[in-house]
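Student: Mind having a look at this structure? Questions to follow.
Where a number appears in this text, it was derived from the coordinates with a stated rule and is not lab data. In this text the structure is predicted, and so the values were computed from the model without any measurement. Cβ atoms come from the backbone with ideal geometry, glycine included; neighbour counts cover every protein chain shown.
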Amino acid sequence: MEVRVGEDRIQITGPKTRSLFAALLLRHGDIVPVEDLVTELWRDDPPRQAANALHAHASRLRTSIVRWRERHGLQISLQTRYPGYSLRVPADEIDAVRFERLDAEANALKSAEPDRAVALLREALALWRGPALQDVPRGPIRDQAARLLESRRMLTTTSLIEINLDLGRHAEIIPRLEALVLQNPLEERLYSQLMVALYRAGRPADALGIYQLARVSFAKEIGLSPSPALERQMLAILNRSTI
């Protein structure tokens with residue numbers, strides 16, 4: 001997590017300050033109760049005067065935010081609002097919000113303007129810098145948001161691949177799909193898409209090999225078999241059916 005002004009990056013120092021800023025940013029515009037923030041920063045081991053300790057961290061964060069406004073013109077403010085705190089920041093300045101907007105625009109265009117949809121999805125995915133919130137200390141708000149963000153990234157990634165498959169770019173996307181399968185060994189839709197890409201690229205044996213890889217990965221990691229849908233896809237490839 002970082003604050004950017006043009007090409008400049010503003011560092012948020014201190015793990016508790018980062019946690020506080022992240023929690024408020026993830027719920028930007030809402031009032032986050034003191035109780036929730038105490039749990040976010042200290043989990044099951046809060047200090048004796050937790051509200052006072054939180055206030056001290058909030059004061060340090062507010063000082064930093066005032067400095068950001070004065071030096072960089074950032075339109076951001078930290079407000080004390082019962083029963084907690086609220087961070088005010090223009091929504092279109094938050095990458096997660098921009099990501100969702102680009103994804104929605106792409107989904108609206110994928111049938112009529114697939115190439116434009118591909119460009120928008122690539123722009124959305126380019127906003128990412130590694131795993132979601134990887135440098136923010138763990139806490140309930142952070143962890144829930146990270147899971148949701150990663151889920152949204154995977155949906156956007158597979159949506160982009162699906163459009164490219166529909167456009168006949170099978171060979172072009174195979175290397176990316178192969179890397180994604182290795183990085184996400186339990187994401188069945190990636191196996192399915194890679195099987196389709198390989199089969200349509202004239203590589204049925206390799207497509208069947210990916211099904212076997214899915215079987216081994218699922219059995220090893222979670223003790224399950226691929227879904228009936230993936231098995232039917234494998235059988236369609238065996239029978240040289242259209243998929």
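Student: Provide the three semi-axes, in whole Å and in decreasing order, of the ellipsoid equivalent to segment 87-147 as defined by the square roots of 5 times the Cα gyration tensor eigenvalues.
Tutor: They are 27, 13, 10 Å, listed largest first.
Student: Using a 7 Å offset from Cα along Cα-Cβ at Asp206, what residues in segment 147-187 end up with backbone N under 13 Å from the label point?
Tutor: Output list for this probe position: 170-179.
Student: Using 0.36 nm per residue, how much length does the chain from Arg67 to Glu35 gain when fully extended, once their Cα-Cα distance is taken away?
Tutor: 8.8 nm
Student: What does the charge count around Gly73 come to, taking other residues whose C-beta lies under 14 Å from its C-beta (Lys +1, Arg +1, Asp -1, Glu -1)?
Tutor: +1
Student: How high is the relative contact order of segment 94-167? Use alpha-carbon pairs under 8 Å, at least six apart in sequence, and give a whole percent. Before the final figure, lay out each step's value.
Tutor: Numbers: 48 pairs, mean separation 24.2, N = 74.
Result for segment 94-167 is 33 percent.
Student: I need the helices of the chain that pass two filters: whole DSSP H segments spanning 24 Å or more by Cα along the axis, and mean Kyte-Doolittle score no lower than -0.5.
Tutor: 140-166, 204-222
Student: Please identify the trypsin sites (Lys or Arg not before Pro) of segment 17-59 that satisfy two criteria: DSSP loop assignment and at most 10 other Cβ atoms within 10 Å. Which are they? It would help to have the intermediate numbers written out before the result.
Tutor: On the way: sites: Arg18, Arg27, Arg43, Arg48; in loops: Arg27, Arg43, Arg48.
Counting only loop positions with at most 10 other Cβ atoms within 10 Å, the trypsin sites (Lys or Arg not before Pro) in segment 17-59 are Arg48.
Student: Per 0.36 nm of contour for each residue apart, how much would the distance between Ala171 and Ser151 grow if the chain were fully extended, relative to their Cα-Cα spacing?
Tutor: Answer, rounded to one decimal: 4.6 nm.
Student: With the alpha-carbon atoms as the only input, what is the per residue convex hull volume for segment 1-95 in Å³?
Tutor: Dividing the Cα hull volume of segment 1-95 by its residues yields 92 Å³.
Student: Next up: Note the listed values [x] 181; [y] 150; [z] 134, then indicate which one is volume of the Cα convex hull per residue in Å³ calculated from this particular structure.
Tutor: Derived directly from the coordinates: [y].
Student: Just report the Cα centroid separation between segment 190-243 and segment 54-102, whole Å.
Tutor: Comparing the Cα centres of segment 190-243 and segment 54-102, I get a distance of 47 Å.
Student: While we're here: Residue separation times 0.36 nm, minus the C-alpha to C-alpha distance between Glu2 and Thr242: what's the value?
Tutor: Details: separation 240, 0.36 × 240 = 86.40 nm, distance 4.69 nm.
Answer, rounded to one decimal: 81.7 nm.
Student: Would you mind checking segment 228-243 for residues with the amide N under 19 Å from a putative spin-label position 7 Å along Cα→C-beta of Glu162?
Tutor: Only 228-234, 243 pass the distance filter.
Student: Rounded, prolate or oblate: pick one for segment 172-243, where a ≥ b ≥ c are the square roots of the eigenvalues of its C-alpha gyration tensor, a/c under 1.5 means rounded, and failing that, prolate if a/b is larger than b/c, else oblate.
Tutor: Note, shape of segment 172-243 comes out oblate.
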